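Every number here is computed from the coordinates shown, using simple stated rules; none is lab data. The model shown is predicted, which means the values in this text are computed figures rather than measured ones. Here the Cβ positions follow ideal geometry from the backbone for every residue, glycine too, while neighbour counts run over all protein chains shown.
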Amino acid sequence: MSMDDLNREQKRQMKRQGALDENGAPTRAPRPQARPDRVGPLQYLNEVRDEMRKVAWPGRPEIVRYSIIVTATVVAYTAFVGGLDYGLQYVADWFYA
């Protein structure tokens, strides 16, 4: 596609975006940096430690309560799926036998 194929609106938009200069000639956009500045391993670990200090860790009673809730939920769903499987197996055996 050449510049002659563009209409006025497209050229104005390209000029606003910086793809055309004042004379209407194409310009190169500045290349973005390949990657931002990186930090060393020690600085990274120090920042991780600082962020982990800000975390509100749950206490032992909370952990015990949530563990009991999760275990009871898993047992209930397992019993439900097992019962459903047994019931459907019974129906399928009756239907195909």
Residues meeting the amide H criterion for L20 (H placed from the backbone, H to H distance under 5 Å, 5 or more places apart or on another chain) are K15, T27
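Compute the Rg to Rh ratio over the range 12-97 from the alpha carbon atoms, using the Kirkwood formula for Rh, and round to two decimal places.
Working: Rg = 31.3 Å, Rh = 21.1 Å.
That ratio is 1.48, to two decimals.
Please give the direction-averaged projected area of the C-alpha convex hull for the range 58-97, in square nanometres with one decimal. Present the calculation step by step, with values, prior to reporting the outcome.
Details: hull surface 10.0 nm².
Computing the convex hull of the Cα atoms and averaging its projections yields 2.5 nm².
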Springs between alpha-carbon pairs under 10 angstrom, Gaussian network model over the chain: which of R12, R38, R60 fluctuates most?
R12
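Which order results if E47, E9 are arranged by neighbouring Cβ count within 10 Å, fewest first?
On the way: E47 11, E9 8.
Result, fewest neighbours first: E9, E47.
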Modelled label-to-label distance, R16 and A97, 7 Å Cα→beta-carbon offset: nm?
7.6 nm
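How high is the FRET efficiency from T73 to R53, r the C-beta distance, R0 41 Å, rounded to 0.05?
On the way: r = 32 Å, r/R0 = 0.78.
The formula returns an efficiency of 0.80 here.
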